Amino acid sequence: MIYVNNLSKLFGDFVAVNDLSFNVHAGDVVGFLGPNGAGKSTTMKMLTGFLAPSSGDIQICDMSLQDDLKSIQKRIGYLPEGAPAYGDMTPLQFLNFIARVRGLKGEHKKNRINTVIKQVDLQSVLDKPIENLSKGFKRRVGLAQAILHDPEILILDEPTDGLDPNQKHQVRELIQNLAKDKIVIVSTHILEEVTAVCNRVMIISSGQLRFDDTPDALLARSKYYKAVTLHLSYPSDISGFLELPGVLDLEHDRTSGRVTLLTQNGANILHHVTEHIKERRLPVDTIFVEQGRLDQVFREITQGEQA
Ligand SMILES: Nc1ncnc2c1ncn2[C@@H]1O[C@H](COP(=O)(O)OP(=O)(O)OP(=O)(O)O)[C@@H](O)[C@H]1O
């Protein structure tokens, strides 16, 4: 439903987006990750028609973005970076204004405005000027305008930025509910958000696509995937762990007493480890199997850090 072919964007000589190609289909909730300046916002701006590509081609709903910009923009809801809005308007005035721009009328308009106000929980600030609202509420006003016309495609540039933990949770739930029959592309710096909300992860770095797969596949790339981490109550001889089948290496933090056993190719090592602990009567008070560490795998993919 979204086809992106060889998309690039140059600002002068600087290549912000470098030959990106990917497809996105209905039901995809894509987490768009990358370090600062990776090209996420620039890509989103091109997908929404706010920025013209230097080269490449975008097709959305069987239309070319270049030729059918207006029809495509009707199908897209976009929360730009920083959620800009007219600061002197109240959220209610702003949503009425956006509803008019989107061509909503009569009862339908009223119903949609009331629905989104409830969905993003704006009731308490409806009549305050947007410029006086907290960052979190400004973000929610931005989200409300993005979903007001019930678009098929939602492109959200850091929707949870500036929200408190409760609001973050609420916005993630909202995205999950909205995502059932839509395409959602959401950029974030919060790695855990991707596993909580998305069924697909795209990582870009220096304008290039470095990873495109499921959150589980991302975790499986981590050197800590299925690693066994345990805590020793007091220092002991742990060298025997390295002899166990499937154990590749061992990390030992002597200060905290934490030991992590890395596996060979994600082997299941837990039973060998627990047997060994029993045999040697090691003073282990906590033990768990790791899912993989997102921060480490993100660094590895974006900076080429060795596993
Ligand atoms: N209008 C512009 N003129 C010149 N350079 C620009 C312009 N817009 C973006 N850039 C540059 O392009 C690169 C990509 O920027 P972009 O905003 O897309 O990154 P990002 O991945 O969204 O970063 P962040 O996570 O910090 O928001 C950056 O180096 C940025 O400085």
Which condition number in (1) assigned by TED's automatic domain parsing to the domain that holds residue 34; (2) more than 17 Å from the chain's Cα centre (by Cα); (3) of a type in the set (D, E, K, R); (4) crowded, with 17+ Cβ neighbours inside 10 Å is the one that residue 193 fails?
(2)
Tell me the residue from 248, 242, 218 that is more than 19 Å from residue 153 (Cβ to Cβ) and either among the charged types (D, E, K, R) or touching a residue at least 60 places away in the same chain (Cβ under 8 Å) (or both), please.
218
Out of the residues in region 181-190 meeting the condition of being within 12 Å of the ligand (Cβ to nearest atom) and part of a loop (DSSP other than H, G, I, E, B), tell me which one is surrounded by the fewest Cβ atoms within 10 Å (Cβ to Cβ).
189
Taking into account only those residues within region 116-129 that are among the hydrophobic types (A, V, I, L, M, F, W, C) and part of a helix (DSSP H, G or I), which is nearest to the chain's Cα centre (by Cα)?
116
Which of (1) surrounded by fewer than 18 Cβ atoms within 10 Å (Cβ to Cβ); (2) at pLDDT 95 or above does residue 206 not meet, given it meets every other one?
(2)
Quick one: which residue in 178, 174, 163 is in a loop (DSSP other than H, G, I, E, B) and modelled with pLDDT under 90?
163
Among the candidates 12, 82, 31, which residue alone is modelled with pLDDT of 95 or more, in the same structural domain as residue 101 (by TED's automatic domain parsing), of a type in the set (Gly, Ala, Ser) and under 24 Å from residue 147 (Cβ atoms)?
31
Name the residue that is nearest to residue 303 (Cα to Cα), counting only residues in region 1-46 that are within 16 Å of the ligand (Cβ to nearest atom) and acidic (Asp, Glu).
19
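The values are calculated or read from the model by the stated rules, or taken from the named source; none is laboratory data. On a predicted model such as this, the values are computed, not experimentally measured, just so you know. Neighbour counts run over all protein chains shown; Cβ positions are idealised from the backbone, glycine included.
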